[in-house]
1. Applying the selection to the stretch 89-111, what residues are at pLDDT 90 or above and farther than 20 Å from LYS126 by Cα?
2. Show me the strands (runs of 3 or more DSSP E) entirely contained within the stretch 73-150 in which 2 or more residues are in contact (Cβ under 8 Å) with a residue 60 or more places away in the chain and β-branched (Val, Ile, Thr).
3. Can you spot a residue in the stretch 28-51 that is on the phi > 0 side of the Ramachandran plot, exposed (fewer than 10 other Cβ atoms within 10 Å of the Cβ) and at pLDDT 75 or above?
4. What about GLY104, is it farther than 13 Å from ALA143 by Cα, more than 15 Å from the chain's Cα centre (by Cα) and not charged (D, E, K, R)?
5. Is it the case, given these coordinates, that SER62 is surrounded by 10 or more Cβ atoms within 10 Å (Cβ to Cβ) and at pLDDT below 95?
Amino acid sequence: MNLKEIREIISLMNENDITEVELEREGTKIKLRKGSFDGYEPIIRPHIEYRSEPSSGSKVLSEEPKEKNSHCNEISSPMVGTFYRAPSPESPNFVDVGQIVEVGQVVCIVEAMKLMNEIKSEIKGKIVEIPVDNAQPVEFGQALFVVEPV
């Protein structure tokens with residue numbers, strides 16, 4: 001199966017509103033899945049802080065969340081890709097620190113394999129931190145926004 005065939009399958013999926021396809025040909029297996037992120041819960045992780053011990057100089061993992069963000073949630077990346085704060089370089093950011101976001105509001109784009117994936121907020125709240133710089137690579141589950149519930 002070559003790239004042209006895969007692109008044709010993706011086009012057919014988009015044209016016919018198909019959300020999942022699984023094919024196997026000549027020992028090659030491919031599974032394509034698309035759809036919105038509705039129904040997915042945001043990944044909520046406590047903040048982990050590393051501290052140096054003055055006597056030993058080794059790093060110690062603190063399991064205590066940071067005080068200012070202990071009641072905050074994170075909007076995490078659902079995929080590996082490149083993080084963009086705006087739809088284009090000339091456009092304003094989707095959201096900024098201090099802004100209130102609603103459930104379902106687009107907060108950023110993660111580009112993966114030349115596809116622009118809109119990331120929507122799964123929680124209502126105030127953006128208190130954006131730990132990722134624009135146009136930087138992100139990992140699956142990495143915090144993109146820290147949100148204080150309102």
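1. Step one: list which residues in the stretch 89-111 are at pLDDT 90 or above, which gives 90-111.
The answer is GLU90, SER91, VAL110, GLU111.
2. Working: elements: 73-76, 81-84, 106-112, 115-120, 125-129, 136-138, 143-149.
Of the strands (runs of 3 or more DSSP E) lying wholly inside the stretch 73-150, those with at least 2 residues that are in contact (Cβ under 8 Å) with a residue 60 or more places away in the chain and β-branched (Val, Ile, Thr) span 143-149.
3. The answer is no, given that none of the residues of the stretch 28-51 is on the phi > 0 side of the Ramachandran plot, exposed (fewer than 10 other Cβ atoms within 10 Å of the Cβ) and at pLDDT 75 or above.
4. Working: farther than 13 Å from ALA143 by Cα: yes; more than 15 Å from the chain's Cα centre (by Cα): no; not charged (D, E, K, R): yes.
Taking the combined requirement at face value, the residue does not satisfy it.
5. Details: surrounded by 10 or more Cβ atoms within 10 Å (Cβ to Cβ): yes; at pLDDT below 95: yes.
Taking the combined requirement at face value, the residue satisfies it.
The values are calculated or read from the model by the stated rules, or taken from the named source; none is laboratory data. What you see is a predicted model; the values in this text were computed from it and never measured. Here the Cβ is made from the backbone with ideal geometry for all residues, glycine too, and neighbour counts use every protein chain on show.
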